[in-house]
Amino acid sequence: MRRAGCTIVTVAVGLALWAHAAEAQGGTVSGRVLAQGSLVPVGGARIVLGEAHVRTTDQGGRFQFAGISSGPYRLRASAIGHEPLFTDIVVRSGETVEVEFELVPSATALPEVVIEGNEPRVAPGLREFERRRLAGGPGVFLTRALIESRNVRELSDLFRSVPGVRVECRGSGGQCQIRMRRERCLPFFYLNGNRADPTVIDFVAPGEIEGIEVYRGPSEIPPELNTRFAACGVVVIWLRGV
């Protein structure tokens with residue numbers, strides 16, 4: 001995740017006569033998400049404040065959190081096709097913190113969907129998922145149909161039923177980590193075939209996923225996915241439409 005590319009402005013809206021009321025109402029965090037360079041608003045971006053507050057930007061790229069308790073928070077913004085950003089802010093009662101994110105488009109272009117003969121339309125990247133799944137080798141494969149049948153709200157919940165995988169979350173609504181039970185270590189993550197940060201599970205919704213591959217140790221990892229960083233295991237996430 002990157003921290004650059006956002007602007008923060010703190011606007012004091014409380015006067016001395018309103019101090020007591022402002023303390024009760026909490027603070028406000030608002031802002032916009034734009035695409036870097038074009039400054040086009042990014043609608044549908046996921047905004048996470050701290051560990052319990054989540055919003056989605058409107059078509060104008062705007063978001064707002066109201067009635068937030070005073071204190072320091074980390075504010076994160078992510079959108080499909082862009083690199084996620086975060087910044088640290090301090091919320092005070094009776095004040096509004098305004099933040100403007102400029103998300104950088106992902107450097108990796110999404111492959112086109114192709115048709116071969118009478119076979120179903122499968123994107124080039126997903127062919128790797130299907131090839132490994134149909135080969136019947138080690139690993140666990142979560143298909144789109146299986147994901148829909150689970151009917152879960154958070155991506156981390158999909159891993160709770162995977163043998164050999166442990167999901168650890170910090171408090172109610174907090175960030176979650178995926179760990180391999182054998183060594184209790186973090187796996188190496190890929191998103192659409194590219195290296196990804198483990199926090200990707202906090203920014204991708206189950207409805208956005210076409211398939212997931214889980215390899216729980218070195219003996220299960222295919223050679224093309226194995227690196228010196230993947231000794232604990234590998235998780236590969238494929239988004240819909242790639």
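Per-structure values
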| read-out | value |
| --- | --- |
| Residue ID - nearest to Ile201 (Cα to Cα), chosen from residues in the stretch 55-79 that are in contact with a Pro (Cβ under 8 Å, 6 or more places away or on another chain) and in contact (Cβ under 8 Å) with a residue 40 or more places away in the chain | Ser78 |
| From Arg195, Arg179, Arg184, Arg170, residue being more than 18 Å from the chain's Cα centre (by Cα) and at pLDDT below 90 | Arg184 |
| Any chance Glu116 is within 25 Å of Gly44 (Cα to Cα), open to solvent by 20 Å² or more (accessible area, probe 1.4 Å) and either modelled with pLDDT under 95 or not in a strand (DSSP E or B) (or both) | no |
| Whichever residue in the stretch 42-100 is of a type in the set (A, V, I, L, M), part of a loop (DSSP other than H, G, I, E, B) and in contact with a Gly (Cβ under 6 Å, 6 or more places away or on another chain) and, among such residues, is surrounded by the fewest Cβ atoms within 10 Å (Cβ to Cβ) | Ala52 |
| Odd one out for Pro163 among (1) open to solvent by less than 60 Å² (accessible area, probe 1.4 Å); (2) outside any strand (DSSP E or B); (3) not small (Gly, Ala, Ser) | (1) |
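The values are calculated or read from the model by the stated rules, or taken from the named source; none is laboratory data. Keep in mind the model is a prediction, meaning the values are calculated, not measured. Cβ coordinates were reconstructed from backbone atoms using ideal geometry, including for glycine residues, and neighbour counts include every protein chain displayed. Accessible surface areas use protein heavy atoms only, side chains included; no ligands, DNA or RNA. Shrake-Rupley method; radii C 1.70, N 1.55, O 1.52, S 1.80 Å.
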